[in-house]
1. Give, in nm to one decimal, the length gained when the segment between residue 42 and residue 26 is fully stretched (0.36 nm per residue of separation minus the Cα-Cα distance).
2. Does anything in region 11-25 have its amide N under 16 Å from the 7 Å Cα→Cβ label point of residue 67, and if so which residues?
3. Can you give me the long-range amide H partners of residue 89? Hydrogens built in the peptide plane at 1.01 Å from N, cutoff under 5 Å, separation of 5 or more residues or another chain.
4. For helix 59-69, report the angle its Cα long axis makes with the longest principal axis of the Cα atoms of the chain; keep it between 0 and 90° and round to the nearest 10°.
5. Using only alpha carbons, build the gyration tensor for the chain and give me the equivalent ellipsoid semi-axes, biggest first, whole Å.
6. Within a 10 angstrom radius of the beta carbon, how do 17, 2 rank from fewest other beta carbons to most?
Amino acid sequence: MHASAMFALAEAASGEHLLRLFEDYTESVMPVLRSAQVKYSKPVTGSVFSMVELRDNSVSETISELDAKGRVLLKVDVSLYNEMDVRVFKSTYEWFLMKKD
């Protein structure tokens with residue numbers, strides 16, 4: 001699998017994770033990818049799957065900050081694993097969420 005495909009898959013997984021966590025805010029918040037840190041561990045052939053986790057903030061803390069300031073920075077960790085459950089890619093995506101006017 002090409003490195004750019006792995007990056008795109010992990011970025012999409014991080015965004016989808018945010019959509020699930022903040023489902024009530026999808027119409028009122030604009031997410032913008034601010035930065036990404038990635039590390040490729042192994043070449044990949046075949047299928048991959050992702051594991052995603054919100055880092056540093058709880059959902060309730062994030063909502064409180066978003067309501068108070070109208071914006072928040074979030075970090076989402078994503079790892080991709082091959083068919084043998086070996087991690088082949090690790091990344092952190094930093095998202096800027098701001099309330100729409």
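1. Here the segment from residue 42 to residue 26 would lengthen by 2.3 nm.
2. 22-25, by backbone N distance to the label point.
3. 41, 80
4. 50 degrees
5. Three semi-axes, in Å: 28, 12, 11.
6. Ranking 17, 2 by Cβ neighbours within 10 Å, fewest first, gives 2, 17.
A short reminder: the numbers here are calculations on the coordinates, not readings from a lab. Note that the structure is a prediction, hence the values are computed from the model and not measured. Here Cβ is always computed from backbone atoms with ideal geometry, including for glycine, and neighbour counts include all displayed protein chains.
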